[in-house]
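K.L.:
Encoded as structure tokens, here's the structure I'll be asking about.
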Amino acid sequence: MFRKAAVTTVSNGNYLQGQANGRLPSMDSGQPAQEGKVVLKKKVTLLRGISIIIGTIIGAGIFISPKGILKNTGSVGMSLTVWTVCGILSLFGALCYAELGTCIKKSGGHYTYILEAFGPLPAFVRVWVELLIIRPAATAVISLAFGRYILEPFFMQCEIPELAIKLITAVGITLVMVLNSTSVSWSARIQIFLTFCKLVAILIIIVPGVIQLIKGETRHFKNAFAGNDASVMGLPLAFYSGMYAYSGWFYLNFVTEEVENPEKNIPLAICISMIIVTVGYVLTNVAYFTTISAGELLLSKAVAVTFAERLMGNFSLAVPVFVALSCFGSMNGGIFAVSRMFFVASREGHLPEILSMIHVRKHTPLPAVIVLHPLTMIMLFNGDLYSLLNFLSFARWLFIGLVVAGLIYLRYKRPDMPRPFKVPLFIPALFSFTCLFMVALSLYSDPVNTGIGFAITLTGVPAYYLFIVWDKKPKWFRKLLGK
């Protein structure tokens, strides 16, 4: 059946590889550390936790294209309302994850919580889709934005060659992988710096916007709810876009075992981060509308650049640089967090054993980090990235909804579980309903792409029985899996 996770360890070169059967204790389990055992150290402080969440949520979207919400709502007032409501809903989801992170003190995020609540099959399907498609495609997309905007100041008068974008993107991806393989401390410090750059970039937009409001530039807010009527299908799609813009609040839960004092720091980091991001997003959109009309915003390819060109003159050249740094921060935070999901899945026996190895000197899950590099490069140079993300975007909300539903289930299944942080029951109920409603809506509004994504996700079921359950594997097949 399942390969048991390793407890005792034997030195093998630069890595420690498990040899004995049994479940690896979490860092807060109270079990004594065994001689020679190497673990991931608790280096994520409250400030680093905040930087992981903010730095991963704020990518290129708020600077480039907030027009998806405006297009589907039909008015300035309704678009600002959707931005606010999506921030509140995301806070609800983050609070649910804060409860899960303080009562289940294992890293791994979605994977770990689904495993605890519903068992190994859905947990394996989640990590299967994440490893093969979602994370490589998502990393390639955000890194392409990094490549495009880091080159923007050098190609002001002409179109940027696609090959140049992909080459600089490949360098950026490799740099992030090396950084996360080399040092937890340095990747966290750089994440703090990049988060600071993101907040500066947002302030560069918000402050001139506030000055415009003080000057009386409110003509675009008159009759704010007048305009094209939002269709019945348009408004839910606007919420879908908004929730995607806020996604990333769950990444701190991927590194729970590395958080100092998780009972206190996880809820604090989540609440502080979501308040900062929600206020920042809403005020940034308000700032846009002080200078740009709704029609102009819909025609703009990069709203922040258009806004800066009108108000800041030559200083607008700095905006693409800040956008590129913002994308780099999202790449760094995403890889730092998701590599821990693969590490934990390997530890539980759901991925090849090599992915649960830790570098002896650097104390980083190096194999779990670099496994993403070849897959991401394949996606970057050969894949139809945006189609893949469209196919599988529903899978993210399906599994997040499943995780939060699992919180409700665990309340009844394991009522005696210690819960240092506990949310009112209506919060997970409302949030899980919202997620599952968006999934159902995507099946109705875009059955072809969603159906393809659903089929790709279902490939995890035969893979589970082939790689995990099947006992009588040939010797070469077991060796391939590291068993």
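The values are calculated or read from the model by the stated rules, or taken from the named source; none is laboratory data. As the structure is a computational prediction, the values presented were derived from the model and not from experiment. Cβ sites come from the backbone with ideal geometry, for glycine too, and all protein chains shown count toward neighbours. Just so you know, the surface numbers come from the protein's heavy atoms only, side chains and all, with ligands and any DNA or RNA stripped out. Shrake-Rupley method; radii C 1.70, N 1.55, O 1.52, S 1.80 Å.
K.L.:
Would you list TRP83, TRP470 from the most to the least accessible area, probe 1.4 Å?
P.N.:
The residues order as TRP470, TRP83, largest area first.
K.L.:
Now, a different point. In nm, to one decimal, how far is the modelled label at ASN382 from the one at ALA226, with both set 7 Å along Cα→Cβ?
P.N.:
Here the modelled spin labels are 5.6 nm apart.
K.L.:
Just to verify a number: FRET efficiency for LYS264 and LEU317, C-beta to C-beta distance, R0 = 51 Å, to 0.05?
P.N.:
Efficiency for this residue pair is about 0.75.
K.L.:
Length gain on complete extension for the stretch THR174 to PHE193, per 0.36 nm per residue less the alpha carbon to alpha carbon distance?
P.N.:
Here the answer is 4.9 nm.
K.L.:
Quote the charge dipole size of the chain about the Cα centre in Debye, to the nearest 20; the model charges only the Cβ of Lys and Arg (+1) and of Asp and Glu (-1).
P.N.:
Approximately 1220 debye in magnitude.
K.L.:
I would also like to ask the following. LYS422 accessible area, nearest 10 Å², 1.4 Å probe?
P.N.:
Accessible area of LYS422: about 130 Å².
K.L.:
Right, another one. Each residue of the stretch 281-288 in turn: what ³J(HN,Hα) in whole Hz from Karplus with 6.51, -1.76, 1.60 and θ = phi - 60°, glycine and Pro shown as x?
P.N.:
For the stretch 281-288, the Karplus curve yields 5, 5, 5, 5, 5, 4, 4, 4 Hz.
K.L.:
Projected onto the charge dipole of the chain (+1 at Lys/Arg Cβ, -1 at Asp/Glu Cβ, origin at the Cα centre), which of LEU167, VAL259, SER79 gives the Cα projection farthest towards the positive end?
P.N.:
Projecting each Cα onto the dipole axis, the largest value belongs to VAL259.
K.L.:
Beyond 21 Å between alpha-carbons counts as too far, so tell me which of LYS198/LYS264; LYS43/LYS362; LYS71/LYS198 fall in that bin.
P.N.:
LYS198/LYS264; LYS71/LYS198
K.L.:
If you don't mind, there's one more thing I want to ask. Restricting to DSSP H runs of at least four residues, report the calculated mean residue ellipticity at 222 nm for the chain, -39500 (n - 2.57) per run over all residues, nearest 500 deg cm²/dmol.
P.N.:
That calculation yields -21500 deg cm²/dmol at 222 nm.
K.L.:
Counting only residues 5 or more places away or on other chains, whose amide H sits under 5 Å from the amide H of ILE358 once H atoms are built in the peptide plane?
P.N.:
LEU16
K.L.:
Further question: Can you sort PHE381, PHE336 by solvent-accessible area, 1.4 Å probe, largest first?
P.N.:
PHE381, PHE336
K.L.:
Under a 1.4 angstrom probe, counting protein chains only, how are ARG340, ARG478 ranked by accessible area, largest first?
P.N.:
The residues order as ARG478, ARG340, largest area first.
K.L.:
Okay, moving on. Among the lysines, which have Cα under 26 Å from the Cα of LYS215 when same-chain residues fewer than 8 positions away are ignored?
P.N.:
Cross-link targets: LYS67.
K.L.:
A further question follows. Give me the extension gain from THR182 to LEU132: residue separation times 0.36 nm, minus the current Cα-Cα distance, reported in nm with one decimal.
P.N.:
15.6 nm is the gain from fully extending THR182 to LEU132.
K.L.:
Ok, one more. Considering all alpha-carbon pairs of the chain, what whole percent are spaced by more than 30 angstrom?
P.N.:
Distances greater than 30 Å cover 46 percent of the Cα pairs.
K.L.:
If you don't mind, there's one more thing I want to ask. For the chain, which whole percent of the accessible surface, found with a 1.4 angstrom probe, sits on carbon and sulfur atoms? List each step's numbers first, then the result.
P.N.:
Working: 13490 of 20160 Å².
Percent of accessible area from carbon and sulfur atoms in the chain: 67.
K.L.:
For the stretch 46-470, what is the accessible area per residue in Å², given a 1.4 Å probe and the full set of protein chains?
P.N.:
Heavy-atom accessible area per residue stands at 38 Å².
K.L.:
Next question, about the same structure. How much of SER445 can a 1.4 Å solvent probe reach, expressed as accessible area in Å² and rounded to 10?
P.N.:
50 Å²
K.L.:
I'd like to compare 196-207, 45-56: which one has the highest average count of other Cβ atoms within 10 Å, and what's the full order after that?
P.N.:
The most tightly packed comes first, giving 45-56, 196-207.
K.L.:
Which residue, ALA287, LEU179, LEU298, has the largest displacement toward the positive end of the dipole of the chain when charges sit on each Cβ (Lys, Arg +1; Asp, Glu -1)?
P.N.:
Going by the Cα projections, it comes out as LEU179.
K.L.:
Can you work out the FRET efficiency for the pair ILE214 and SER293, with r the C-beta to C-beta distance and R0 = 22 Å, to the nearest 0.05?
P.N.:
E(calc), rounded to 0.05, equals 0.65.
K.L.:
Another question about this same structure. With a cut-off of 11 Å, note down the residues of the stretch 103-130 whose backbone N falls inside the zone around a label point 7 Å from the Cα of ALA463 toward its beta carbon.
P.N.:
What the label zone holds, given the 11 Å backbone N cut-off, is 124-130.
K.L.:
Ok, one more. I'd like the FRET efficiency for VAL360 and ARG414, computed as 1/(1 + (r/R0)^6) with the beta carbon distance as r and R0 of 41 Å, rounded to 0.05.
P.N.:
The value I calculate is 0.70.
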